[in-house]
Amino acid sequence: MPPGLRYMAYGAFWFSVMSLLVKAAGARLPTIEVVLVRAVVTLVLSVALLRRARVPPWGTRRRRLALRGLLGFGGLVCFYYGLTHLPIADATVLQYTNPVFTALLAAVALKERLTRRELAATLASFAGVVLVARPFGLGGATTALPLVPVLVALLGATFSAAAYVTVRSMGRAEHPLVVVFYFPLVSVPLALPAVIPVWVWPTPVEWALLVAVGVATQIAQVYLTRGLQLEPAGRATAVAYLQVLFAALWGVLFFGEVPGPWTLAGALLVVAGTLALARARV
């Protein structure tokens, strides 16, 4: 597997760990509080890692870096809004449409060509995510989803895709730690005003969970950024579908959620699509 796609796979693993920790911490704490503390922890870690690596923190393409942070924050807020107002599976599958938007935006903004093989692999991975989540009435569900949260969730996927394309547009001009640094740098001042009215003081265990969320996020962001710098945007972000497989594993280990035939079929499609992307060449 090419290094860029391997980094994306590592990032997917650590993002799944982050999701597991967020689920535990969010049982009592407001979502925006989890977002803020996560951003603060990753900001502190980013500064420490930048100093250790002796890398100037501000970068050279500051407008694009700030835009990446703004788009990332917008995507995160919309995703959490979707999680709040939609079933988790439906919100997740809507968020995982972002590789499709990434490929389209990259084709327009970066003139990246998506081959037929890569397009087929991406669609196969997306179909696998749909089977795993079974949204919109699949698998026996009959409840219709409210339109506004669906549109907001899709907007979040578009924000995420735009953030990925922004990272890709900078190529290797910026150090991965600098790119990661700008996400919490922008997110903290944006989240702070929203969290003040709803703040709930965490317990010691919840503080530990929140810190762990920040650490897992930091690791995941570094791998994600490095992967995006090495691979075309559409192909690289499609590997993030592996997060669904890791999440299914955490469900078995921690919540006793044994995957059914729909989940297994979807997982096979995700694996097949990811392997096809790994073997493809630009």
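The values are calculated or read from the model by the stated rules, or taken from the named source; none is laboratory data. Please read these numbers as outputs of a predicted model, since none were measured by experiment. Virtual Cβ from ideal backbone geometry, glycine too; neighbours counted across all protein chains shown.
Scanning the stretch 24-55 for residues that are in a loop (DSSP other than H, G, I, E, B) and of a type in the set (Gly, Ala, Ser) yields a count of 2.
Within the stretch 149-161, the set of residues being surrounded by fewer than 23 Cβ atoms within 10 Å (Cβ to Cβ), out of contact with any Cys (no Cβ under 7 Å at 6 or more places or on another chain) and either among the basic types (Lys, Arg) or touching a residue at least 40 places away in the same chain (Cβ under 8 Å) (or both) comprises Pro149, Val150, Leu154, Thr158. Within this structure, Thr42 passes the test of being hydroxyl-bearing (Ser, Thr, Tyr), buried (at least 19 other Cβ atoms within 10 Å of the Cβ) and farther than 14 Å from Ala162 by Cβ.
Scanning the stretch 14-33 for residues that are at pLDDT 85 or above and either within 18 Å of Pro189 (Cβ to Cβ) or surrounded by fewer than 19 Cβ atoms within 10 Å (Cβ to Cβ) (or both) turns up Arg28, Pro30, Ile32, Glu33.
Among the listed residues Val148, Val108, which satisfies the condition of being modelled with pLDDT of 75 or more, under 26 Å from Thr84 (Cβ atoms), assigned to a helix (DSSP H, G or I) and more than 21 Å from the chain's Cα centre (by Cα)? Show your work before the answer.
Details: Val108 fails: under 26 Å from Thr84 (Cβ atoms).
Every option except Val148 fails the conditions.
Among the residues of the stretch 91-104, those identified as crowded, with 22+ Cβ neighbours inside 10 Å and either aliphatic (A, V, I, L, M) or modelled with pLDDT under 75 (or both) are Ala91, Thr92, Val93, Leu94, Tyr96, Pro99, Ala103.
The residue that is modelled with the highest pLDDT, counting only those in the stretch 227-282 that are in a loop (DSSP other than H, G, I, E, B) and over 21 Å from the mean Cα position of the chain (by Cα), is Gly256.
Pairs linking a residue in the stretch 88-117 that is closer than 11 Å to Ala162 by Cβ to a residue that is part of a loop (DSSP other than H, G, I, E, B) and modelled with pLDDT of 70 or more, with Cβ atoms under 7 Å and 6 or more positions apart or on different chains, are Ala106/Glu112; Ala106/Pro232.
Among residues of the stretch 43-82 being touching a Gly at 6+ places or on another chain (Cβ under 9 Å) and among the hydrophobic types (A, V, I, L, M, F, W, C), the one that is farthest from Leu192 (Cα to Cα) is Leu65. When residues in the stretch 45-56 are screened for being surrounded by fewer than 14 Cβ atoms within 10 Å (Cβ to Cβ) and under 25 Å from Gly74 (Cα atoms), 0 of them pass.
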